[in-house]
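Enquirer: Shown below is the structure under consideration.
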């Protein structure tokens, strides 16, 4: 059995016993309890221009078309174009060189987050474009990005207090991502005096503005009853689902976990777990295995359960590895 609880320092610990028949609540350490993923709303939607026409305009030097094509390459899907981060960078760079603000912001963000795409990040290039934006404007998204650089020491000497100042400037202009990052700072006491009530307040503010990461965090607040807020599984699920519907993997896994205990919701729980798994969420794979092992919403199938345990184990999830090891020893 796997239990998850907060220590006095708000770290999550796992106590693993011999039984694996109880679903594992998603493993989200404190650095991810207040998740920091950039909100998708920051990237302005592109027009429904046909791909061929968009490429022609982009190749002809149209900055807006270059930016829109970059967004298509960055996101992929919709049967329009294959996701290709390197091509997204090229198109964003073409538009950014022409002074396209949205492209400059997207370019800076991509350079910071390239490691998520399996490409080495480039902090120097990210800072170059952030500073270029801030020379001519007080764009809150650029302020938040600069705050990230100082807070975590990306391309500049780490200075958490300086990072907090940039987050505060951006938050004052309504940047919801900055609000969420301030919530994390107050929760952990990094760069600012710890204030868990303030952390919860900021989390809920950001969640109410639609930030998927903050909505997932709000779910955690209610699920665990953190920071003076009473435990409320119903509210937790509501927040998880709002985040899950935006494609946020942690929230999909958590929603799936909660629904997997509601007999009439087994199928919905499995659906969310599968969506999280498609994004590589290792705990979702583990919980899918348990559902096959117990026959929750699906026909009992030990071989299928084993396959899912193996997938989770291959992704590095220790309880899945230990489960397989125990089963192997029992089979001897």
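Enquirer: Each label point is 7 Å from the Cα along the Cα-to-Cβ direction; what then is the distance between the points at residue 193 and residue 136, in nm?
Expert: That separation, rounded to one decimal, is 4.2 nm.
Enquirer: Between residue 321 and residue 302, what length comes free when the chain is fully extended (0.36 nm per residue of separation minus the Cα-Cα distance, one decimal in nm)?
Expert: 5.2 nm
Enquirer: Using mean Cβ contacts within 10 Å as the protection proxy, how do 243-249, 121-127 order, highest first?
Expert: The most tightly packed comes first, giving 243-249, 121-127.
Enquirer: Order 142-154, 206-218, 301-313 from most to least packed using the mean count of other Cβ atoms within 10 Å.
Expert: 206-218, 142-154, 301-313
Enquirer: Kindly state, to the nearest 0.05, the FRET efficiency for residue 332 paired with residue 156, given R0 = 51 Å and r defined as their beta-carbon distance.
Expert: 0.40
Enquirer: Extending each Cα 7 Å along its Cβ direction at residue 122 and residue 233, get the distance between those two points in nm, one decimal.
Expert: Inter-label distance under the simple model: 4.9 nm.
Enquirer: How high is the relative contact order of the stretch 92-216, in percent, with contacts defined as C-alpha pairs under 8 Å that are six or more residues apart?
Expert: 14 percent
Enquirer: Oh, and also: Once you sort the root eigenvalues of the Cα gyration tensor of the stretch 247-331 as a ≥ b ≥ c, which label holds: rounded (a/c under 1.5), prolate (a/b larger than b/c) or oblate (the other case)?
Expert: It comes out oblate by the Cα gyration axes.
Enquirer: Does the stretch 172-295 classify as rounded, prolate or oblate by the C-alpha gyration tensor (a ≥ b ≥ c root eigenvalues; a/c under 1.5 gives rounded; else a/b over b/c gives prolate, otherwise oblate)?
Expert: Taking the square roots of the gyration eigenvalues as a ≥ b ≥ c, the stretch 172-295 is prolate.
Enquirer: OK, next. By its C-alpha gyration tensor, with a ≥ b ≥ c as the square roots of the eigenvalues, how is the stretch 53-137 shaped: rounded for a/c under 1.5, else prolate for a/b larger than b/c, else oblate?
Expert: Oblate, because a/c is 1.5 or more while a/b does not exceed b/c.
Enquirer: In whole angstrom, how far apart do the alpha carbon centroids of the stretch 163-231 and the stretch 278-331 sit?
Expert: Centre-to-centre distance over Cα atoms comes out at 34 Å.
Read the figures in this text as sums done on the coordinates, not as results from a lab. The structure presented is a predicted model; accordingly, all values stated were derived computationally and were not measured. Virtual Cβ from ideal backbone geometry, glycine too; neighbours counted across all protein chains shown.
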